[in-house]
Structures are given as C-alpha cells and as structure tokens.
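Reading through the structure tokens given below for one structure.
The values are calculated or read from the model by the stated rules, or taken from the named source; none is laboratory data. Everything numeric here is computed off the predicted structure, so don't read it as measured data. Positions of Cβ are backbone-derived with ideal geometry, glycine not excepted, and every protein chain shown enters the neighbour counts. Heads up: the accessible areas ignore ligands, DNA and RNA and are worked out on the full protein's heavy atoms, side chains in. Shrake-Rupley method; radii C 1.70, N 1.55, O 1.52, S 1.80 Å.
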Amino acid sequence: MAASAAQRFAEINTPHPPTDAKILMRRAVVLGGSMAGLMAARVLSDHADEVVIVERDDTDVTAGPRPGVPQGSQVHALLPAGQVQLDRWWPDFTERAIAAGAPDEGRNDAKIFINDELRVATEPPPAKPILITTRPFLEAQVRARVLESPKVRMVFGRAEGLLFADGPDGAVVGARYVPAGGGDPVELRADLVVDAMGRASSLNDWLEQQGWPRAPMQRMPIKLNYASALFQRDPAVSDTWIAISQTTPAKDRVARIGGVSSVEGDRWIMLVAGYDDDRPSRDPDEFARRCREYFPQMFGDIAERGTMIGGVITYHQADSRRRDFDQVERLPAGIVAAGDAVASFNPVYGQGMTSAMLHASCLSEWLRTGPDVTREPARGYFERVRVVVDAAWQVSTFADLGLPHITSGQPRGYKVIRWASEVILKASMTDDVTSQRLNRVTTMLDHPNALASPGLLLRALRLNLVGGRRRAVSSSR
Ligand SMILES: Cc1cc2nc3c(=O)[nH]c(=O)nc-3n(C[C@H](O)[C@H](O)[C@H](O)COP(=O)(O)OP(=O)(O)OC[C@H]3O[C@@H](n4cnc5c(N)ncnc54)[C@H](O)[C@@H]3O)c2cc1C
C-alpha cells in the first residue's frame with residue numbers, strides 16, 4: 001500500500017542523520033546562499049566531491065540584516081521541526097548556537113493569545129533549549145557550520161543563467177554567474193544545480209528560454225504588512241520571553257498578529273502586522289500606539305517604556321506563492337529548486353525556514369535512492385517536496401481564506417475543514433491534549449492530517465459543548 005502523505009511527511013521529518021550516503025557526483029552548484037541554499041549544500045556535501053555556493057550578496061553575514069535577504073530585519077521564528085533538522089545535520093547545532101550567544105532561558109512558557117484570550121495549555125519539556133534568535137544570527141550560524149566542510153566553498157556573484165547540454169532534451173550541466181565587483185561571466189560546470197534564489201527566482205524563465213515548460217505557479221494575494229523593532233531587554237519593563245497574539249477576522253474584529261521574543265544580545269524583537277490597508281508605519285509613536293491598543297499588555301509596556309534600538313522597519317508581502325515543479329510534463333535532468341524558490345507562505349505562520357530545511361531532507365532522501373542525477377530529471381525529489389509544500393500550504397492558506405480581502409475560490413472540503421479547525425482551536429484554549437496536537441501541526445512536526453482523527457475531533461466537540469475542562473484566563477489588558 002502506498003504511504004500516506006502523513007507517513008511520508010514523518011519520514012522527511014526524521015531527526016536521524018543518514019548513515020547510507022554515497023558519492024554520486026563530482027560537483028554540485030547551489031545558486032543562493034541563504035537558508036535553503038545552505039541546507040542543500042550541507043546535504044550535497046555527503047554526495048558530491050565538491051559543492052560551490054554562488055551568492056550575489058557579499059556583505060558580512062555576521063553584521064546583521066543583509067540586502068540579499070530584505071526580510072531579515074523582521075521577526076523570524078524557527079519552528080521546532082526546523083530546529084530538529086538543524087540538530088540532525090549538526091548534532092551540536094543548538095549547543096553551539098547558545099555558546100555563540102543565542103539565549104537559553106530554560107523556559108517553556110510561551111504566551112499565546114487568541115482573540116485576547118490566553119491559551120492556558122502546557123507543553124511537555126523540550127529535549128533541547130528552544131532556539132530563539134534574530135534571522136541574521138541564525139543564518140550566520142548555519143553558514144559557519146556549512147563552510148566547516150572542506151568540500152563546500154562560497155563564491156560571490158550574481159547567477160545569470162544555466163548551462164545546458166546540446167540537444168532538445170539537454171540536461172542542465174552548470175550555471176553562469178557574474179562575479180561580485182564585475183568582471184567576465186564565469187561558467188561553472190556541475191552534475192547538479194540547485195536553485196535557492198528565493199521567491200524572485202528566475203528558474204522558470206531560464207527553463208522557458210531553453211524550450212522547457214514553466215512550472216505552474218499558484219498565488220494567493222495576502223497583502224500582508226509587517227513592522228518590527230528591536231528593544232533593549234529590561235526586567236523592570238517586562239519579564240516576557242515569548243508572546244504571540246493573534247486576532248482572527250470577525251464582524252467586530254480585524255485580523256492582526258503581534259509577536260515579541262527574547263533574542264541574542266539581551267534584546268527583544270517585536271512585530272506588529274496587519275492586512276490589506278491596515279498598514280503599520282515606521283513611526284515609533286504609531287508603533288507604540290498599535291502595541292498598546294491592539295495587543296496584550298506586555299506589547300504596550302515594552303513599546304512605551306522600553307528602549308528601542310534602531311528604528312521600526314516595515315515590510316510588505318503581496319502574496320503566498322508556489323511553483324509546482326512536480327506537475328511539469330518535461331523537466332531537464334541536473335536541476336532542482338528549494339526553499340522560497342519553490343514556495344513561500346504567509347510569514348505569520350513561520351513556515352519558510354523550516355520548509356527550506358525539510359526540502360533539504362527531501363534532497364537527502366532522494367539522493368540516497370542513488371539516482372543518476374546527470375540523466376534522470378529530479379522527479380523523486382519534487383514529489384517529496386510536494387508533500388512538504390502541500391502540508392505548509394494547507395495550514396497557511398486555509399487559515400488565510402478566512403481573511404475578508406481574500407477572494408480566491410475555496411478548495412473542495414474547505415467548509416468542513418474550517419469548521420473542524422475552529423472546533424479544535426476553541427478546545428485547544430483550555431485542553432492540553434488538543435493544544436499539544438494542534439501545536440505539533442502548526443510547528444510542522446506533524447502533517448495537518450494528524451488533526452483529522454475522529455477521536456480528537458470528538459474530544460474537541462465535547463469540550464466545546466461543556467465549555468472546556470478549565471476556564472480560559474483572560475488577557476490583562
Ligand atoms: C516579513 C517576513 C517574515 C518572515 N518570518 C519568518 C519566520 O518567522 N519564520 C520562518 O521560518 N520564515 C519566515 N519568513 C520566511 C523566510 O524569510 C524564508 O522562507 C527563507 O528566508 C527562505 O530562504 P531561501 O534561502 O529560500 O530564500 P532567501 O532567504 O530569500 O534567500 C535567497 C538568497 O538567494 C540570493 N540570490 C538571489 N538571486 C540570486 C542570484 N541571481 N545569484 C546569486 N544569489 C542570488 C539572495 O542574495 C539570498 O541570499 C519570513 C519572510 C518574510 C518576508
């Protein structure tokens with residue numbers, strides 16, 4: 001019997017490092033040296049004699065947000081499934097990140113507010129401290145670990161195209177880039193090329209120019225508006241470690257997201273977000289007003305009484321999008337895509353970096369089947385990636401379909417899934433079992449189908465009817 005999507009998702013999510021990796025190629029080239037590219041390079045170092053990462057942004061990755069990753073100033077939560085993958089590829093990843101400055105508070109009491117109600121469920125203690133950092137800090141850690149391998153090197157330059165073998169079905173045999181600072185284009189031959197150039201990747205254009213079909217693209221126009229700011233941590237202002245506040249849209253309620261977490265350098269990073277024409281500005285006073293008016297007490301306390309470091313930085317994301325390479329009829333050998341180049345989601349769900357890490361796991365699974373990467377199109381890889389993309393897309397876009405400005409058609413079964421999700425969400429406010437099962441899905445440890453169990457739904461329905469085992473605690477606004 002074919003494995004279910006949930007079983008395949010669990011295999012991809014494995015915490016165990018592979019023990020059966022074989023060298024399959026001489027050189028792999030990775031275009032883009034951010035999260036997806038770095039993770040792909042780590043996997044490829046088990047299967048290639050040499051891995052070259054081509055990154056267009058040559059600024060210092062340890063110096064904070066960099067131009068190549070313009071979203072890097074915004075709050076970036078690493079979901080537990082992503083942390084599991086980091087510790088899978090480098091078994092001491094968490095410990096070394098903490099030694100380098102990531103906070104380790106020995107706490108497990110993130111405060112989650114849904115429509116101003118504090119969720120009171122408790123989580124089992126995690127196996128390792130939970131990694132909470134800024135995005136640039138995490139990326140710098142991952143880059144340092146990848147480049148520890150003598151097989152991996154990074155060159156700086158802008159990838160401008162692919163090299164193809166002669167003939168109508170010519171495989172991808174390398175890539176061309178223009179070195180940072182100028183000079184003649186460089187041609188890098190490779191047995192396998194990875195596109196990890198992010199949401200704006202040109203891979204579809206490059207394939208089309210060579211006569212290959214484009215991967216179909218789906219978009220959902222989310223019109224998301226972010227604003228983040230850093231604050232000096234101060235126990236006299238607040239003892240907050242992590243707080244997340246979400247309001248869901250309703251007749252008398254506007255959908256908003258806020259988040260605050262303690263990060264390296266004894267700082268908090270704080271986010272306020274809205275949709276459509278609800279746009280936070282760069283004005284610190286307006287940021288503080290939003291925090292006080294729309295979010296639980298600690299948001300206002302930190303924004304009004306805390307010391308802001310730097311200013312408020314805004315970011316707009318127009319859509320969630322996915323490119324379904326598994327759907328194309330013809331695909332050349334020698335090329336795969338990973339991370340946002342395949343799919344990027346509404347960031348409020350925090351799925352992007354973890355998805356990139358799970359794509360790397362898909363790459364490892366596929367390469368361990370021993371394909372001839374120079375002759376076989378990477379169907380086995382893209383089929384695995386689809387499992388990850390579908391899971392993340394289901395969680396984020398199903399929730400986003402409830403936003404009033406989103407007019408995309410509803411997929412089959414939407415009304416039933418929405419009803420079941422609301423029943424489960426309501427029960428999770430007071431019930432540890434439901435809350436933990438829901439959290440495992442939203443943190444990408446489990447496939448969303450894990451919530452489709454009749455037992456869980458019955459439990460949630462019963463709790464909805466009796467009003468919960470415990471009373472929810474109201475936020476103290
Ligand atoms: C506002 C916001 C908040 C987010 N919050 C979270 C969060 O909380 N948690 C989470 O997990 N994710 C979050 N994400 C998503 C996350 O940022 C991405 O999913 C993640 O960075 C994807 O990594 P990537 O390597 O695929 O692409 P990117 O990080 O976008 O990197 C692409 C890389 O390719 C390089 N590049 C591009 N073109 C070329 C070229 N022609 N040649 C060479 N190099 C090139 C770029 O310089 C860059 O280094 C957020 C995103 C946004 C927009």
Query - Taking segment 251-304 and dividing mean pair separation by its residue count, relative contact order in percent (alpha carbons under 8 Å, at least six apart) - result: 24 percent
Report task. For 57, 432, 266, 205, write out the residues from largest to smallest accessible area, computed with a 1.4 angstrom probe and no ligands counted. Result -> 266, 205, 432, 57
Report task. Could you compute the FRET efficiency for residue 3 and residue 415, with r as their C-beta to C-beta distance and R0 at 22 Å, rounded to 0.05? Result -> 0.20
Query - Computed accessible area, residue 462, all protein chains, 1.4 angstrom probe, square angstrom - result: 140 Å²
Query - segment 1-156 - share of DSSP beta bridges that are antiparallel (%, nearest 5) - result: 15 percent
Query - segment 219-268: trypsin sites (Lys or Arg not before Pro) in DSSP loop, at most 14 other beta carbons within 10 Å - result: 251
Query raised in the report: Where does the chain land at 222 nm, in deg cm²/dmol rounded to the nearest 500, when only DSSP H runs of n ≥ 4 count, each adding -39500 (n - 2.57), divided by all residues?
Result: -10000 deg cm²/dmol
Query - Per DSSP, loop GluC sites (Glu not before Pro) in segment 108-213 with at most 14 further Cβ within 10 Å - result: 148
Report task. First measure r as the distance between the Cβ atoms of residue 461 and residue 176, then evaluate 1/(1 + (r/R0)^6) with R0 = 41 Å and state the FRET efficiency to the nearest 0.05. Result -> 0.10
Report task. Relative to the longest principal axis of the C-alpha atoms of the chain, give the angle of the C-alpha long axis of helix 432-442, reported between 0 and 90° and rounded to the nearest 10°. Result -> 30 degrees
Requested in this report: Could you tell me what percent of the accessible area of segment 414-474 is made up of carbon and sulfur, with a 1.4 Å probe and every protein chain present?
Outcome: 61 percent
Report summary line: segment 265-298 scanned against label point 7 Å out from residue 232 along Cα→C-beta; backbone N under 18 Å for 265-270
Requested in this report: Residues in segment 13-53, backbone N under 15 Å from the label point at residue 100 (7 Å along the Cα-to-beta-carbon vector): list them, ranges by number please.
Outcome: 34-36, 38-39, 42
Query raised in the report: Which distance in nm do the two modelled labels at residue 210 and residue 276 give, with both placed 7 Å along the Cα-to-Cβ direction?
Result: 4.3 nm
Query raised in the report: Between residue 127 and residue 436, how many nm apart are label points set 7 Å from Cα along the C-beta direction?
Result: 1.6 nm
Report summary line: FRET efficiency for residue 327 and residue 239 from the Cβ-Cβ distance with R0 = 51 Å, rounded to 0.05, comes out at 0.55
Query raised in the report: Can you pull out the GluC sites (Glu not before Pro) in segment 324-403 that DSSP calls coil and that have at most 13 other Cβ atoms within 10 Å?
Result: 329
Requested in this report: Could you tally up the Lys pairs in the chain with alpha carbons closer than 20 Å? Skip any pair fewer than 8 positions apart unless they're on separate chains.
Outcome: 7
Report summary line: Heavy-atom accessible area per residue of the chain, all protein chains kept, 1.4 Å probe, expressed in Å², is 43 Å²
Report task. Write down the percent of antiparallel bridges among all DSSP beta bridges whose residues are both part of the chain, to the nearest 5. Result -> 70 percent
